[in-house]
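K.L.:
Take a look at the following structure, please.
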Amino acid sequence: MTVALARFTLKDANVFLLADALGDIDAPDSGLFWDDTRMLSRLQLQVADSRPSFLGAEVSHDNVLFTAQLTNRPLPAPGEHSIPQGVIHLERTRFLWSGQLYERLKITNFSGRDAQSWWKSSFAARPRTGSSGRRVSRECVAIAPSSRCVRRDGTWR
């Protein structure tokens, strides 16, 4: 049985965002909208190919700032023992400002073990098929507000 998560809305001038409590945009009517035109229809955070576990979420009283507290499900580590559930904390913060969406993901490892091999192996773009039928892939898998790009190997550009 799947439990539906609450949905949250952010708004700034003529831009608004509708997402679930994890911060994911994956429902048919969610997305990032500008002047009622959907500009982004899918954005989902996955940790080792699964959605993180939900701890809590809130939106500021002015509907500009969203924060979700998440944690990992059990993580397989290549060639090692798995990382247990609940030892990696993810804080997903998102806000709208001047017509742009900004997102920060703060990751804290409470396991006492090095999770760098997990980070580099699981932080990758999955090629998708575009409307033209061609495969679409991005070199940048995340863009920081400073316009720095996270490469598929986990390094900053």
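The values are calculated or read from the model by the stated rules, or taken from the named source; none is laboratory data. Remember, it's a predicted structure, so these values are computed and weren't measured experimentally. Every residue, glycine among them, receives a Cβ derived from its backbone with ideal geometry; neighbour counts consider all protein chains shown.
K.L.:
Those residues that are modelled with pLDDT under 90 and under 14 Å from ILE107 (Cα atoms), I need them from the stretch 49-72; list them, please.
P.N.:
Answer for the stretch 49-72, where residues must be modelled with pLDDT under 90 and under 14 Å from ILE107 (Cα atoms): just ASN72.
K.L.:
Working only within the stretch 1-39, note down all residues that are assigned to a loop (DSSP other than H, G, I, E, B) and surrounded by 14 or more Cβ atoms within 10 Å (Cβ to Cβ).
P.N.:
Taking the stretch 1-39 first, the residues assigned to a loop (DSSP other than H, G, I, E, B) are 1-6, 13-14, 21-24, 26-30, 35-36.
Of everything in the stretch 1-39, those that are assigned to a loop (DSSP other than H, G, I, E, B) and surrounded by 14 or more Cβ atoms within 10 Å (Cβ to Cβ) turn out to be LEU5, ALA21, LEU22, GLY23, ASP24, ASP26, ALA27, SER30.
K.L.:
Against the condition hydrophobic (A, V, I, L, M, F, W, C) and either touching a strand residue (DSSP E or B) at 6+ places or on another chain (Cβ under 7 Å) or modelled with pLDDT of 90 or more (or both), how does ALA19 come out, does it pass? Lay out the reasoning, then the answer.
P.N.:
Working: hydrophobic (A, V, I, L, M, F, W, C): yes; either touching a strand residue (DSSP E or B) at 6+ places or on another chain (Cβ under 7 Å) or modelled with pLDDT of 90 or more (or both): yes.
For ALA19, the condition - hydrophobic (A, V, I, L, M, F, W, C) and either touching a strand residue (DSSP E or B) at 6+ places or on another chain (Cβ under 7 Å) or modelled with pLDDT of 90 or more (or both) - is met.
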